[in-house]
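Heads up, the thing below is written out as structure tokens.
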Amino acid sequence: MSFWPTVAVATPAHGGLAQTLSYRSESPLAPGSLVRVPLGSRELLGVVWTCPDTPPDDLDPALARPVSGVLLGLDPLNERWRQLVQFAARYYQRSLGEVAMGALPPALRDLDNTQLQRRLQRLAKGQTAGNGSSLAPGSAHTPQASEEQAQALAALAQADRPVLLFGATGSGKTEVYLRATEQALAADPGAQVLVMVPEINLTPQLEARFRDRFESAFGAGALVCLHSGMTPPQRLQAWLAAHAGRARIVLGTRMAVFASLPGLRLIVVDEEHDPSYKSQEGARYSARDLAVYRARLESEGVVAPAETGSPSPPAAARCQVLLGSATPSLESWHAAEQGRYLRVDMPGRIGGGSLPRLRLVDMNHQPKGALLAPPLLAAMQERIGRGEQCLVLLNRRGYAPVLSCGACDWKSSCPHCSAYRVFHKIDRTLRCHHCGFTQRVPRACPDCGNLDIAPIGRGTEQLEEQLVALLADVRRPDGSPVRVARMDADTTRAKGSLEAQLDALHAGEVDVLVGTQMVAKGHDFRRITLVASVNADAALFASDHRAPERLFALLMQAAGRAGRDARHSGASEMWVQTWHPQHLLFNALARHDYPGFAAAQLADREAAAMPPFGFQALLRADARTQQAAQAFLNGAAAAAQGLPGSERVTLYPAVPLNIQRVANVERAQLLIESDSRPALQRFLAAWQAVLLEARSLPEARGLIRFAVDVDPLTV
Ligand code: ADP
Ligand code: ZN
Ligand code: ZN
């Protein structure tokens, strides 16, 4: 007797291939099994989706090719995992196989059974996991929970919906994650917890705290990481450990939302507002949104069918989701306002310290051309003199964003992009931050030969240089000179350098840290008492409707790095240099009033039918010419009339992207809006076939690729 498994394999997203391919097998294969199947002349890894014993109607049994082999020793990927993948593929408009294969570690693709068995043996031989019995609450590593923490945990234990932990910076959210993890793991010996963070390298502290708390009790293999910085073998081993249930905690970035976790009981999403949870390539999924969906799936999986009348499952068998932030996304905030999420507040800081006081510097009243206003500089000098640390934020790396000739019109444009190349003084290069094109700085203007070419604007490199000069005469309490350091993508590229820099800061070896937004994220700095943002105005007037939300979060998070030690916090300050001190955003910031800010933003969004009140998608196109990109988009829009859902969907004309050309590729997009998520989904699903056809429109010649972005972050 033969079986006819349908298998999800990595097919090109828009290749027009079916969602799964059909094969033949002489024995039944459990759905979720990993198999190798032939496709053309290649052999691919795939996941069995269904395994009927009659061939599907559209398959000629004589032509069906047999499955080449099954990966042995692995439990099939369970039904909840498959449902998650299926949902993500449908919702984000990608092929099932692409999402399924993208969710698996790449090293699995070229593993034969012998290699796999060796890996599984190594896993089994690894340190035997403890059972957590030595996890004694109140042990040396575990602080007494604060009252707010205890209340948050109690609320979580009772919650029947996603929990939004709205905790001030320094309120001790990490301790809540640790204890919630502890509770979930204690519930049963197979329980697993997924902890997601925006960028793992930025938060080595968090990983250390989890290891510290759990490894002695559960064994060294109990916690694994999953992120793109790992080598393929490392990722494979971590994935296998999670899939086999040996890893009890998975700490990872957005990709970890797809980890196979048969015993999943809790998902934590730290800094849930962070844009890096949204993937910007391939399937453009939101890991935060999928986490919420996954928690529901995992819980449904254990709910007994109503008709049997069995009692609801014990609390331990549910999967909870905990989203944490001091500046939640407006989507999550709105969900909590509506009662779909349960909001739990922790307004106080650990130790009773206060949040930093906002000092706005009106740049209209400062000396012309001053990078740092004199009062800010004086405040920094005073702090350093007392042995305290300062953090200066400038969201632009390099020395200057553009070089320009004083005699003619020459500017350091990138020849391949519609953007300027950034001047990096350290190696005297002009570098394009979009395509990477790099050249030595010319000695004279390439157009007119003028020797006087000058930087315009400032980046972190220049800020660092100027701070060193401005603080040259200042002395630390022990009489030694001031030490200024810089932390941005340029100084942290080498492996381990970020950790080294953070260590130096924690050890007090740095007095002033200059950096991009990466210094504002989640760090628990103990001796910083002054944070300054020197140039954030651009975001106040950006056309992107999410810009204010992001700026507010950035400034509030940055402020949150100051005064985390209650002994200093009384005097801690957040300085913001601005030309628009009357802006409402600063008003809310001064009061640390996220709820007020969110209410105002949500009112604006509602009036404009923007998310979360309206629903959006983008169709993006890359092409050799801007005309071709737009012709494809507009052609696809013209052919969309009458499609299911189209009556509730608005299609806007195609427009070039902000940075219209990158690496000689022209980019355009088309916005799709609807007041109904189901209508938008129905429309997008039906539109796929139209998009495939529009590729071959004569005026779209030169189209390179297109992609649909559902719930885009920038429009
Ligand atoms: P958040 O993530 O909310 O900004 P953290 O989790 O980093 O805050 O906690 C801030 C600081 O307070 C950390 O140094 C942490 O070790 C400490 N802390 C947290 N909870 C407690 C507690 N219950 N008792 C003592 N210290 C705590
Ligand atoms: Zn010139
Ligand atoms: Zn470029």
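On average, how much accessible surface per residue is there in the chain, in Å², for a 1.4 Å probe, leaving out ligands, DNA and RNA? Before the final figure, lay out each step's value.
Numbers: 30790 Å² over 715 residues.
Ligands and nucleic acids excluded, the figure is 43 Å² per residue.
Would you mind checking which residues have amide H under 5 Å from GLN660's amide H? H placed 1.01 Å from N; only 5 or more apart, or other chain.
Counting only residues 5 or more places away or on other chains, the set is SER418.
What would the Debye formula give as log10 I(q)/I(0) at q = 0.13 Å⁻¹ for the alpha-carbon point model of segment 1-104, no solvent?
Each listed q corresponds, in turn, to -0.42.
Taking the highest mean first, how do the peptides 207-217, 368-378 order by number of other beta carbon atoms within 10 angstrom per residue?
Details: 207-217: 17.2, 368-378: 14.2.
In descending order of packing, they fall as 207-217, 368-378.
Arrange the peptides 602-608, 270-276 so that the one whose residues have, on average, the most other Cβ atoms within 10 Å appears first.
Values: 602-608: 13.1, 270-276: 21.6.
Highest mean packing first, the order is 270-276, 602-608.
What does the charge count near CYS445 come to, summing +1 for each Lys or Arg and -1 for each Asp or Glu among other residues with Cβ under 15 Å from its Cβ? Working shown, then result.
Values: positive: LYS411, ARG421, ARG440, ARG443; negative: ASP409, ASP447, ASP452.
Charge balance in the 15 Å sphere: +1.
I need the calculated FRET efficiency for the pair ALA600 and SER228, taking r as the beta carbon distance and R₀ as 30 Å, to the nearest 0.05.
Efficiency computed from Cβ-Cβ geometry: 0.25.
ARG624 to TRP579: FRET efficiency via 1/(1 + (r/R0)^6), r the Cβ-Cβ distance, R0 45 Å, to the nearest 0.05? If you can, show how the numbers build up before the last one.
Values: r = 41 Å, r/R0 = 0.90.
Once rounded, the FRET efficiency stands at 0.65.
May I have the extent of the alpha carbons of the chain along their three principal axes, as whole Å values ordered from largest to smallest?
87, 69, 51
Restricting attention to segment 533-615, which chymotrypsin sites (Phe, Trp or Tyr not before Pro) occupy a DSSP loop and are surrounded by at most 16 other Cβ atoms within 10 Å?
On the way: sites: PHE541, PHE552, TRP575, TRP579, PHE586, PHE597, PHE613, PHE615; in loops: TRP579, PHE613.
Filter output for segment 533-615: TRP579, PHE613.
If you scale each eigenvalue of the Cα gyration tensor by 5 and take the root, what three semi-axes come out for segment 517-581, rounded to whole angstrom and sorted largest first?
24, 13, 8
Quickly rank 51-63, 555-567 as a protection proxy: mean count of other C-beta atoms within 10 Å, highest first. Can you show the working numbers first?
On the way: 51-63: 11.0, 555-567: 23.5.
Highest-to-lowest ranking by the protection proxy: 555-567, 51-63.
How would ARG421, ARG440 rank on accessible area, largest to smallest, probe 1.4 Å?
Working: ARG421 15, ARG440 170 Å².
Descending order: ARG440, ARG421.
Using only helices, what value at 222 nm comes out for the chain when you add -39,500 (n - 2.57) per DSSP H run of length 4 or more and divide by the total residues, to the nearest 500 deg cm²/dmol? Don't skip to the answer; put the middle values down first.
On the way: 18 runs with 211 residues, N = 715.
Calculated at 222 nm, the ellipticity per residue is -9000 deg cm²/dmol.
For GLN280 and GLN517, compute 0.36 nm times the residue count separating them, minus their Cα-Cα distance, and round to one decimal in nm. Can you show the working numbers first?
Values: separation 237, 0.36 × 237 = 85.32 nm, distance 1.88 nm.
Computed gain between GLN280 and GLN517 is 83.4 nm.
What does the extension gain come out to for CYS448 and ALA220, with contour length at 0.36 nm per residue minus their alpha carbon separation?
Details: separation 228, 0.36 × 228 = 82.08 nm, distance 6.42 nm.
Separation in residues times 0.36 nm, less the Cα-Cα distance, equals 75.7 nm.
In segment 64-218, carbon and sulfur make up what percent of the accessible area (probe 1.4 Å)? Show your work: numbers first, answer last.
Details: 3360 of 6870 Å².
Percent of accessible area from carbon and sulfur atoms in segment 64-218: 49.
With a point put 7 Å past each Cα toward its Cβ, work out how far GLU300 is from ALA124 in nm, to one decimal.
Between GLU300 and ALA124, the label points sit 3.6 nm apart.
Show the residues, 5+ positions off or on another chain, whose built amide H is closer than 5 Å to the amide H of ALA532.
Counting only residues 5 or more places away or on other chains, the set is LEU391, VAL392, LEU393, TRP575.
Between ARG440 and SER676, what is the label-to-label distance in nm when each label sits 7 Å out along the Cα-to-Cβ direction?
Result: 6.5 nm between the two label points.
In vacuum, with every alpha carbon of segment 597-709 counted as one equal point scatterer, what does the Debye formula give for log10 I(q)/I(0) at q = 0.15, 0.22, 0.23, 0.24 Å⁻¹? Two decimals, please.
For segment 597-709 at q = 0.15, 0.22, 0.23, 0.24 Å⁻¹, log10 I(q)/I(0) is -0.66, -1.10, -1.16, -1.22.
Sticking with the crude label model, points 7 Å out along Cα→Cβ, report the distance from ALA566 to GLN151 in nm, one decimal please.
Between ALA566 and GLN151, the label points sit 1.6 nm apart.
Just list whichever of LYS125/LYS173; LYS125/LYS495; LYS278/LYS521 have alpha carbons separated by over 24 Å in the model shown.
Working: LYS125/LYS173 35 Å; LYS125/LYS495 30 Å; LYS278/LYS521 17 Å.
Beyond 24 Å between Cα atoms: LYS125/LYS173; LYS125/LYS495.
Counting Lys +1, Arg +1, Asp -1, Glu -1, what net charge surrounds HIS416 among other residues with beta carbon under 14 Å of its beta carbon?
Neighbourhood net charge equals +3.
Round to the nearest 10 and report in Å² the accessible area of ASP473, as given by a 1.4 Å probe over the protein chains' heavy atoms.
140
Quantify, in whole percent, the carbon and sulfur part of the accessible surface of segment 600-673 (1.4 Å probe; protein heavy atoms only).
Numbers: 1730 of 3330 Å².
That fraction is 52 percent.
What FRET efficiency would be calculated for the residue pair SER413, LEU71, taking the C-beta separation as r and a Förster radius of 51 Å, to the nearest 0.05? Let's see the in-between values first.
On the way: r = 51 Å, r/R0 = 1.00.
In this case the efficiency is close to 0.50.
Show me the GluC sites (Glu not before Pro) within segment 437-494 that DSSP assigns to loop and that have at most 11 other Cβ atoms within 10 Å of their Cβ.
none
Give a quick list of trypsin sites (Lys or Arg not before Pro) in segment 494-553 that DSSP marks as loop, anything other than H, G, I, E or B, with at most 16 other Cβ atoms within 10 Å.
Numbers: sites: LYS495, LYS521, ARG526, ARG527, ARG546, ARG550; in loops: LYS495, LYS521, ARG526, ARG527, ARG546.
In loop regions of segment 494-553 (DSSP not H, G, I, E or B), the sparsely surrounded trypsin sites (Lys or Arg not before Pro) are LYS495, ARG526.
The values are calculated or read from the model by the stated rules, or taken from the named source; none is laboratory data. None of the values given here were measured: they were computed from a predicted structure. Using ideal geometry, Cβ is built from the backbone for each residue, glycine included, and neighbour counts are taken over all protein chains shown. In case anyone asks, the SASA skips ligands and DNA or RNA and just uses the protein heavy atoms, side chains included. Shrake-Rupley method; radii C 1.70, N 1.55, O 1.52, S 1.80 Å.
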